[in-house]
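A.B. asks: Sharing a structure with you now.
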Amino acid sequence: MSKLQWKGSTLLNPTPAVLVTCGNFENANVLTVGWTGIVCTRPPRLYISLRKSRYSYAIISESGEFAVNLTTADMLEAVDKCGVYTGKNKDKFVMCGLVKEPANVISAPVISQSPLSLECKVFETVSLGSHDMFLADIVSVDVEPEFIDENGALRLENSKILAYCHGKYYQLIKPLRELGFAVKKKGKGR
Ligand SMILES: Cc1cc2nc3c(=O)[nH]c(=O)nc-3n(C[C@H](O)[C@H](O)[C@H](O)COP(=O)(O)O)c2cc1C
């Protein structure tokens, strides 16, 4: 093969760069997470992987709840700061100008500036090594109305969603084609 061989590592990027909120409205915390993703469609489930040393780890372990808030380029500085500072002795919401909103189902708040927040309840925690994985049911999806079109469809094309890729942040800007375009017959549907 023509490729160079490196030892196994975590280069499966990009991943979303999300802000995970936890705790309760008055005593909430927020941290940046890259190790996250959907693991099941029905029931809708996702994971986040955290180091035990994170202040948020104990909060989520105890409450069994958290929210995954998608982020945008306008939130870039907050994303970086929440991924460096711990909330142990600091209110990162105040520090970063993040506005808390009460969630629909869970006690932790969601972030007002986020276009889409997924409220989650943990059903299993798996110890993996450096990180523990919280597997969670997505119990509510909270969407900013400005990203819903006249047909009720979610349109995040113009929301400048942030991704993390090999040590840098990127924003999504250019949709290419819709799912299934390659197998659609011209003018006739599938
Ligand atoms: C882009 C980015 C992605 C991160 N992803 C994770 C992650 O997936 N898991 C994790 O435990 N920490 C991750 N971190 C580090 C935590 O966000 C960071 O240690 C934070 O200060 C922990 O906050 P806390 O102590 O208030 O919980 C990431 C940081 C950045 C900047």
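A.B. asks: Taking the stretch 146-188, which residues are among the small types (Gly, Ala, Ser), modelled with pLDDT of 95 or more and not in a strand (DSSP E or B)? Write out each step before concluding.
C.D. replies: Residues of the stretch 146-188 that are among the small types (Gly, Ala, Ser), as a first pass: 152-153, 159, 163, 167, 180, 182, 187.
Filter once more, so that each one left must be modelled with pLDDT of 95 or more: 163, 167, 180, 182.
Of everything in the stretch 146-188, those that are among the small types (Gly, Ala, Ser), modelled with pLDDT of 95 or more and not in a strand (DSSP E or B) turn out to be Gly167, Gly180, Ala182.
A.B. asks: Would you check which residues across the stretch 101-125 are over 16 Å from the mean Cα position of the chain (by Cα) and under 14 Å from Cys40 (Cβ atoms) and list them?
C.D. replies: Passing the criteria: Phe123, Glu124.
A.B. asks: Then there is this: For the stretch 1-24, what are the residues that are in contact (Cβ under 8 Å) with a residue 60 or more places away in the chain and loosely packed, with under 13 Cβ neighbours inside 10 Å?
C.D. replies: Let us first name the residues in the stretch 1-24 that are in contact (Cβ under 8 Å) with a residue 60 or more places away in the chain, namely 11, 13-17, 19, 21-24.
Listed by number, the list holds a single entry, Leu11.
A.B. asks: Report yes if some residue within the stretch 44-56 is hydroxyl-bearing (Ser, Thr, Tyr), assigned to a helix (DSSP H, G or I), within 15 Å of the ligand (Cβ to nearest atom) and within 19 Å of Tyr164 (Cβ to Cβ); otherwise report no.
C.D. replies: Yes.
A.B. asks: Name the residues in the stretch 58-70 that are near the ligand (Cβ under 10 Å from one of its atoms) and closer than 20 Å to Val139 by Cα, would you?
C.D. replies: Once the filter is applied, which keeps residues that are near the ligand (Cβ under 10 Å from one of its atoms) and closer than 20 Å to Val139 by Cα, the stretch 58-70 yields Ile59, Ile60.
A.B. asks: Report, by residue number, each residue of the stretch 119-136 that is over 15 Å from Asn69 (Cα atoms) and either assigned to a strand (DSSP E or B) or touching a Cys at 6+ places or on another chain (Cβ under 8 Å) (or both).
C.D. replies: Val122, Phe123, Glu124, Thr125, Val126, Ser127, His131, Asp132, Met133, Phe134, Leu135
A.B. asks: Considering only residues that are within 10 Å of the chain's Cα centre (by Cα) and either assigned to a strand (DSSP E or B) or aromatic (Phe, Trp, Tyr) (or both), which ones fall in the stretch 1-20?
C.D. replies: Thr15, Pro16, Val18, Leu19, Val20
A.B. asks: Something else now. So how many residues does the stretch 70-89 have that are over 15 Å from Asn24 (Cα atoms) and part of a loop (DSSP other than H, G, I, E, B)? Show your work before the answer.
C.D. replies: Taking the stretch 70-89 first, the residues over 15 Å from Asn24 (Cα atoms) are 70-86, 89.
Next, only the ones that are part of a loop (DSSP other than H, G, I, E, B) stay: 70-71, 83-86, 89.
Looking only at that region, the number is 7.
A.B. asks: Does the stretch 79-105 hold any residues that are within 11 Å of the ligand (Cβ to nearest atom) and under 19 Å from Gln171 (Cβ atoms), and which are they?
C.D. replies: Answer for the stretch 79-105, where residues must be within 11 Å of the ligand (Cβ to nearest atom) and under 19 Å from Gln171 (Cβ atoms): Val79, Asp80, Lys81, Cys82, Gly83.
A.B. asks: Considering only residues that are away from the ligand (no atom under 11 Å from the Cβ), in contact (Cβ under 8 Å) with a residue 24 or more places away in the chain and within 11 Å of the chain's Cα centre (by Cα), which ones fall in the stretch 25-43?
C.D. replies: none
The values are calculated or read from the model by the stated rules, or taken from the named source; none is laboratory data. Since the structure is predicted, the reported quantities are computational estimates derived from the model, not experimental observations. Here Cβ is always computed from backbone atoms with ideal geometry, including for glycine, and neighbour counts include all displayed protein chains.
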